[in-house]
1. Working only within segment A:95-149, note down all residues that are aliphatic (A, V, I, L, M), under 19 Å from residue A:53 (Cβ atoms) and touching a Phe, Trp or Tyr at 6+ places or on another chain (Cβ under 8 Å).
2. May I ask you to list the residues in segment B:131-166 that are of a type in the set (Lys, Arg) and within 22 Å of the chain's Cα centre (by Cα)?
3. Can you tell me how many residues in segment A:25-48 are over 15 Å from the mean Cα position of the chain (by Cα) and either surrounded by 17 or more Cβ atoms within 10 Å (Cβ to Cβ) or among the aromatic types (Phe, Trp, Tyr) (or both)?
4. Please verify whether segment A:188-200 includes one or more residues that are within 14 Å of another protein chain (Cβ to nearest Cβ) and of a type in the set (Phe, Trp, Tyr).
5. Is there any pair with a first residue in segment B:131-142 that is under 17 Å from residue A:257 (Cα atoms) and within 11 Å of chain A (Cβ to nearest Cβ) and a second that is modelled with pLDDT under 80 and surrounded by fewer than 16 Cβ atoms within 10 Å (Cβ to Cβ) whose Cβ atoms are under 7 Å apart and which are 6 or more apart or on different chains, and what are they?
6. Filter segment B:200-225 down to the residues that are assigned to a helix (DSSP H, G or I) and surrounded by fewer than 13 Cβ atoms within 10 Å (Cβ to Cβ), then identify the one that is farthest from the chain's Cα centre (by Cα).
7. Going residue by residue through segment B:241-249, is there one that turns out to be under 25 Å from residue B:146 (Cβ atoms) and within 14 Å of another protein chain (Cβ to nearest Cβ)?
8. Kindly establish whether residue A:44 is modelled with pLDDT of 95 or more, in contact with a helix residue (DSSP H, G or I) (Cβ under 9 Å, 6 or more places away or on another chain) and assigned to a helix (DSSP H, G or I).
Amino acid sequence: MDYTIVVAIELLRAVAGLVLISTGLAIIFGMMRVINIAHGEFMMLGGYTVVLSAKAGVNIWIAMLVLAPLTVGLFGVLVERLIIRHLYGRIIDTLLATWGLSLFLIGFVAVVFGNKLEGVATPFSGIAIGEYSVAAYTIFLIGAALAFVASIYLALKYSKAGLIARATMQNPEMVEALGVNSKLVFMTTFGVGAAFSGLAGALLAPISGVIPGMGVNFIGPAFITVVTGGSSIIAGTLSASGLLGSISQSTAFLAGPVYGDAMLFFAALVLLRLLPQGITGRLFTRSL
Amino acid sequence: MNRTFVNYLGPAIAVGSGILTLIFAPLILGFYEIFQLTQYVILAIFAVSMAYIWGFGGILSFGHAAVFGLGGYAYAVLAINMDSSLLAFVLAIGTCGLFSLILGYFIFYGRLNDVYLGVVTLVVALILWKLINHTSGPGYVIGDARLGGFNGIPSIPVLELPWHGGAALDPIQMFRWFLGGLIAVYVALKLLIQSKFGRIAIATKENELRATLLGYDVRQYKLLVFVIGGSIGGMAGAMWATYQTFVDPNMFSLEVSAKVLIWVMVGGVGTLLGPIAGVVLLQALSIKLGETAFINNQIVLGMILMSLVLVFPKGLLPSMELLVTRFFDRSAAQGQGVSG
């Protein structure tokens, strides 16, 4: 019984991890059909914000939950103004430019902060379940993933900004004709997506450690989850994370974590062969 | 001069100067320079394979390093296990062709579009990189070859000469054979592009729907272009392995995938010669920067990639060419007193 609970928590952790790392990306993809290749580096910046703030003596919760999303969100707006804005309608060029940004950020951070692993202390200790022990931080991350999904759902469903965002996702020209500045919507979306990426990076920093090249560890699963999910932000992220997370975690149990990643990819490849527009391109098409 | 003649002039000059280099460069240059040049030749083959699938098939792979690394590792493992390294070389190319066929089947028969294609190819290279990095234990052995994880595979047998009873290539011979390979690949691709198949592939690139409506199965054409490009890229990887006598997982890295994209973009998408110039230009730059050692290579690559997209979307060399022709057109027009 205890073992079953532990396994269930591990599965949930895998799913929650995918939700955390792909939400920021999914927001940008859902709105603009663009994959931000620098997503992993946005997460890395979030991680560095926590490390630097912690070193400066800021409370770790403020650093994680306030400073990291704020910093990376503002950085996202800057990136949108300087780069993405010029490339609307040129999807491939946007991918290439964000890839350039990704390389630049890895190199730049390595030069400024050094190419070494920085640690952040985990804020909780373990919880005992029978004779097993589960890190309390794992439970916290599962809660954070729930909070990610809930906050986006509430914002999209019940706020005016969310209404405009949903309308822009459906038909940017029509929204423009109704007097909404769709460029501004895109800018805000990119900033919000970046903020979620930064927050995810900050939340995962105590587990993964922080290093300039850390983004590589996240982008594979994140891209695959978003692409498999399709363009609906919430339904896509949830269904893809649930499916791929359980498949990869089960494989990881049996064969080791690296094979979990590989299995996640193979599952996604087969799924994309069947549903080329992602899960929400065929199923749950009208959901958020 | 009629048009066909002008069209063939550029390739003819390129092939001619290639053959001249093949014959005379080892006579003029020193041993070390030839060894360095071989590196450019191999990377040029890799760049040409990317230039072909992107420029003439419209397939923008974000993980072309996958075939480069796979070709290198396949050659390494096969050459260590087999008597004939030449056969290993051929089989390594076949491995990459087969790999591209399987991956391409999922991509093109799933009709994945631009963004999806980019993401899937990028993640494939990433997963291979991770898997190979993970193989450091003594349990990861294929025949006599230990995969070695992030340490890579050392002391790979050098490619042997064809028809010489298994004597290994010396560096000068390697330079000549590989440059010959580059010229052969260039000519073969040029002919392929001119053929009916090549034209349909270009039509597919320009407008997939229209090509479909004209009765062509675009999936087949894209798949075949992808397999050809993947095989050539794999050949470059196998050449790299025998040139270095060493492979490591970084052959699969995103940086390699990004570099090959940048070479093609610098040279201009839609040409085969431009990317070769791109290789020479950027590798020389990165060696120069490596000497200074205070600017990070990735910063430079990233800035080049961003500025290429934002400032020179047609490619650096074509943009310069355009400037030059405009300048001459204008002066010619002024000379004749014709406006506009």
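The values are calculated or read from the model by the stated rules, or taken from the named source; none is laboratory data. None of the values given here were measured: they were computed from a predicted structure. Neighbour counts run over all protein chains shown; Cβ positions are idealised from the backbone, glycine included.
1. Matches in segment A:95-149: A:109 only.
2. none
3. Here the count works out to 2.
4. No, there is no match, as no residue in segment A:188-200 is within 14 Å of another protein chain (Cβ to nearest Cβ) and of a type in the set (Phe, Trp, Tyr).
5. Hits for this filter: zero, empty list.
6. Per the stated criteria, the residue is B:213.
7. Checked segment B:241-249: at least one residue is under 25 Å from residue B:146 (Cβ atoms) and within 14 Å of another protein chain (Cβ to nearest Cβ).
8. Spelling it out, residue A:44 is indeed modelled with pLDDT of 95 or more, in contact with a helix residue (DSSP H, G or I) (Cβ under 9 Å, 6 or more places away or on another chain) and assigned to a helix (DSSP H, G or I).
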